[in-house]
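Student: Sharing a structure, written as structure tokens. Questions coming.
The values are calculated or read from the model by the stated rules, or taken from the named source; none is laboratory data. Please read all numbers here as calculations on a predicted model, not as lab measurements. Here the Cβ positions follow ideal geometry from the backbone for every residue, glycine too, while neighbour counts run over all protein chains shown. Side chains included, ligands, DNA and RNA excluded: accessible areas come from the protein's heavy atoms. Shrake-Rupley method; radii C 1.70, N 1.55, O 1.52, S 1.80 Å.
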Amino acid sequence: MEVKVGPIIKVSINDNQTERNSIVLLKETENTVKQLKSTDKPKQEKLTAKELQPTAKPKEMTKPTAKHNVTVQTNSTPKTQQTNHTPKTLQTNHTPKTLQTKRTAKPAVPKHTMKLTLTTKSIKTKTGKHQKKDKINERKGKPLKKDNKTKETKQEKKEGTNPAYFPYFKDNYCPPECACYGRVVQCSDKGLEKVPYGIPYNSRYVLLMNNHIDNIQLDLLNEYLSMEFLVLSNNRLTDGSIEGAFEGIPALRRLYLDRNLLESVPTDLPASLEELRLDNNRLNVMSEGAWANCPGLLVLSLSNNSLGNGNDTLPASVLSPLGSLRTLSLDRNRLASVPLDLPLSIRELYLRGNLIQQFPGEAFVGTSELVILDLSANRLTNHGLLRESLVNATHLESLNLEGNQLKKVPRHLPSSLKTLNLEGNLISSVGKASFLHLPHLEHLGLARNKIARVASGAFRALPVLHQLDLCHNALSQVPRKLPRGLHSVALTHNKIHSVPRDAFCWGGSDPGLSSLVLVQLEHNLIDLGHLDAKAFHCLRGFQMVHFY
């Protein structure tokens, strides 16, 4: 029996194997064919007449998971070898005899057939490995390889069935650069160069401080109908970059633009604005037209700028349109004088750290509602505070004149004063009539002056004085007849060497207990061995007097 193998060999692999596996399979099949040619004729048993009859239909053992089919053909008779899991069929050109391998019986098989069977088993083994690998990838979530056409088809279906959704500006959306808490959007300290896109339109508080924002797109904020508080502090905004950016926000009440690069006050502010902070900019120009759009402004802070240029003050009536203004801060500018014709509604006026030399009477034309006035760290002298300077400030309660060039206690101060700070001036003495018209004064600061003499009873005219500070002066003794309602007196860092009997306890032989709870006498020249004990007999306890 001869087995003729022709030169025509066809191999087909029906699987999604890689090209590399296909090449290996071809090489194995060629090796099998070569072995068939070189093998001697196998000894076969004699077949009976029944066995020589053609069989009706060979039985094949198949498994549903088989995917690999290998076909080997010769010139004479078609010979098919199918490598499912179990069925193997080998046909020769002599007879249509079919050799079937069964699990129960093992008939004699030629050597070349055995080799071909082993090859088929190896193909099935590799197929099984790939199937297992695909199952493992599925469990791990790794995508299996698919044709590009299949991917495109699915992508087209996906695009067709699911329309794009844009959550920007929606109530429940929050830009990735920010953190949102209800209607508060916190985008501070993020290194942003522009306002984040998609901030919800219903936001009330938007915080963008400490970034690098240098521009606000025109009409960007017009849709924010509920925004009340906008913070843009410590950015890089200039006059041109914010032009027209805020006038379209109808509910905006508080706007913080401090620590930017602005050189003038914006002129397109919304009418709803109540608080504006422009501190730490480069402001040197202010026009009356800047406030025409926001007559309801309550708080205006312009500290740390260059207003006034050192030789002038603000233009007269420049702030007059602000008829509702309550707080005005012009600290640390370059004003040479207090601005004229200030709104009478101002209750707090801060002018610390300027170059002011005088307080003109025309600062308030009419009765002012001023309660707090800070003129500290200026160049005021007694000639700069005139009789009419504060005549209209009939409600003034706190006056700070610290760090000026006053040589005497100012006269003609409002009788409504409760706190007066005269520390850090050039005052050398306190006369008996210095505080005659201040019946409501509670706190008096005279520290860091050059006071060497205080007239007897100079503070007696202050019936409700609670706190008196005379530290860092040149006093040689404790002032006499201090107010009976005094709670604390500070006399440290003087040259005191004696305490008169009528300093704390005066008013007859039995003055009663004093209201003093603290007497500070540290850093003086007092000799405790020569102190008069009767000078302290009205105090509630000797422990409240501090000598060291």
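Student: With the structure loaded, tell me whether N202 is modelled with pLDDT of 60 or more and closer than 21 Å to D258 by Cβ or whether it fails that test. Give the derivation first.
Tutor: Details: modelled with pLDDT of 60 or more: yes; closer than 21 Å to D258 by Cβ: no.
Judged against the criteria, N202 is not a match.
Student: Follow-up. Here's a check for you: in the stretch 445-456, which residue that is open to solvent by less than 10 Å² (accessible area, probe 1.4 Å) and part of a loop (DSSP other than H, G, I, E, B) is nearest to F547 (Cα to Cα)? Even if it seems obvious, please write down each step before you answer.
Tutor: Looking only at the stretch 445-456, we keep the residues that are open to solvent by less than 10 Å² (accessible area, probe 1.4 Å), and these are 445-447, 451.
Pick out the ones that are also part of a loop (DSSP other than H, G, I, E, B) and you get 446-447, 451.
On the way: L446: 20, A447: 18, I451: 21 Å.
Of everything passing the filter in the stretch 445-456, A447 is nearest to F547 (Cα to Cα).
Student: Then there is this: Go through the stretch 508-538 and report how many residues are touching a Cys at 6+ places or on another chain (Cβ under 8 Å), hydrophobic (A, V, I, L, M, F, W, C) and part of a loop (DSSP other than H, G, I, E, B).
Tutor: Residues flagged as touching a Cys at 6+ places or on another chain (Cβ under 8 Å), hydrophobic (A, V, I, L, M, F, W, C) and part of a loop (DSSP other than H, G, I, E, B) within the stretch 508-538 amount to 2.
Student: Tell me, please, whether a residue that is at pLDDT 95 or above, outside any loop (DSSP other than H, G, I, E, B) and open to solvent by 30 Å² or more (accessible area, probe 1.4 Å) can be found in the stretch 365-379.
Tutor: Yes, there is a match, as at least one residue in the stretch 365-379 is at pLDDT 95 or above, outside any loop (DSSP other than H, G, I, E, B) and open to solvent by 30 Å² or more (accessible area, probe 1.4 Å).
Student: Filter the stretch 510-546 for residues that are within 12 Å of V478 (Cβ to Cβ), at pLDDT below 95 and not aliphatic (A, V, I, L, M); which is surrounded by the fewest Cβ atoms within 10 Å (Cβ to Cβ)?
Tutor: Here the answer is D532.
Student: Shifting gears a bit: Output the residues belonging to the stretch 172-182 that are open to solvent by 60 Å² or more (accessible area, probe 1.4 Å) and within 14 Å of N211 (Cβ to Cβ). Walk me through how you get there before you give the answer.
Tutor: Here is the first cut: in the stretch 172-182, the ones open to solvent by 60 Å² or more (accessible area, probe 1.4 Å) are 172, 176-177, 181-182.
The one that is open to solvent by 60 Å² or more (accessible area, probe 1.4 Å) and within 14 Å of N211 (Cβ to Cβ): E177.
Student: Answer yes or no: is there a residue in the stretch 467-475 that is farther than 19 Å from N421 by Cβ, more than 49 Å from the chain's Cα centre (by Cα) and open to solvent by 60 Å² or more (accessible area, probe 1.4 Å).
Tutor: no
Student: Another question, if that's okay. Quick one: in the stretch 205-241, of everything that is in contact (Cβ under 8 Å) with a residue 40 or more places away in the chain and closer than 10 Å to L257 by Cα, which residue is surrounded by the most Cβ atoms within 10 Å (Cβ to Cβ)?
Tutor: Among those that are in contact (Cβ under 8 Å) with a residue 40 or more places away in the chain and closer than 10 Å to L257 by Cα, it is V231.
Student: Additional query: Regarding the stretch 482-499, can at least one residue be identified that is touching a helix residue (DSSP H, G or I) at 6+ places or on another chain (Cβ under 9 Å) and open to solvent by less than 50 Å² (accessible area, probe 1.4 Å)? Give the steps one after another, and end with the answer.
Tutor: We begin by selecting, within the stretch 482-499, every residue touching a helix residue (DSSP H, G or I) at 6+ places or on another chain (Cβ under 9 Å); these are 497-499.
Retained after the next criterion (residues that are open to solvent by less than 50 Å² (accessible area, probe 1.4 Å)): 498-499.
Looking for residues that are touching a helix residue (DSSP H, G or I) at 6+ places or on another chain (Cβ under 9 Å) and open to solvent by less than 50 Å² (accessible area, probe 1.4 Å), one finds at least one in the stretch 482-499, hence yes.
Student: When you scan the stretch 183-199, do you find a residue that is outside any loop (DSSP other than H, G, I, E, B), among the hydrophobic types (A, V, I, L, M, F, W, C), open to solvent by 30 Å² or more (accessible area, probe 1.4 Å) and over 30 Å from G323 (Cα atoms), even just one?
Tutor: Residues of the stretch 183-199 that are outside any loop (DSSP other than H, G, I, E, B), as a first pass: 184-186.
Still in the list and also among the hydrophobic types (A, V, I, L, M, F, W, C): 184-185.
Then drop every residue that is not open to solvent by 30 Å² or more (accessible area, probe 1.4 Å), which leaves 184.
Among the residues that remain, those that are also over 30 Å from G323 (Cα atoms) are: 184.
Checked the stretch 183-199: at least one residue is outside any loop (DSSP other than H, G, I, E, B), among the hydrophobic types (A, V, I, L, M, F, W, C), open to solvent by 30 Å² or more (accessible area, probe 1.4 Å) and over 30 Å from G323 (Cα atoms).
Student: While we're looking at this one, here's another question. Take the stretch 475-493 and flag every residue that is touching a strand residue (DSSP E or B) at 6+ places or on another chain (Cβ under 9 Å) and in a loop (DSSP other than H, G, I, E, B). Outline the logic, then answer.
Tutor: Taking the stretch 475-493 first, the residues touching a strand residue (DSSP E or B) at 6+ places or on another chain (Cβ under 9 Å) are 475-480, 482-483, 486-492.
Those that are touching a strand residue (DSSP E or B) at 6+ places or on another chain (Cβ under 9 Å) and in a loop (DSSP other than H, G, I, E, B): L475, S476, V478, P479, R480, L482, P483, L486, H487, L491, T492.
Student: Go through the stretch 177-199 and give me each residue that's closer than 23 Å to L261 by Cβ and in contact (Cβ under 8 Å) with a residue 40 or more places away in the chain.
Tutor: S188
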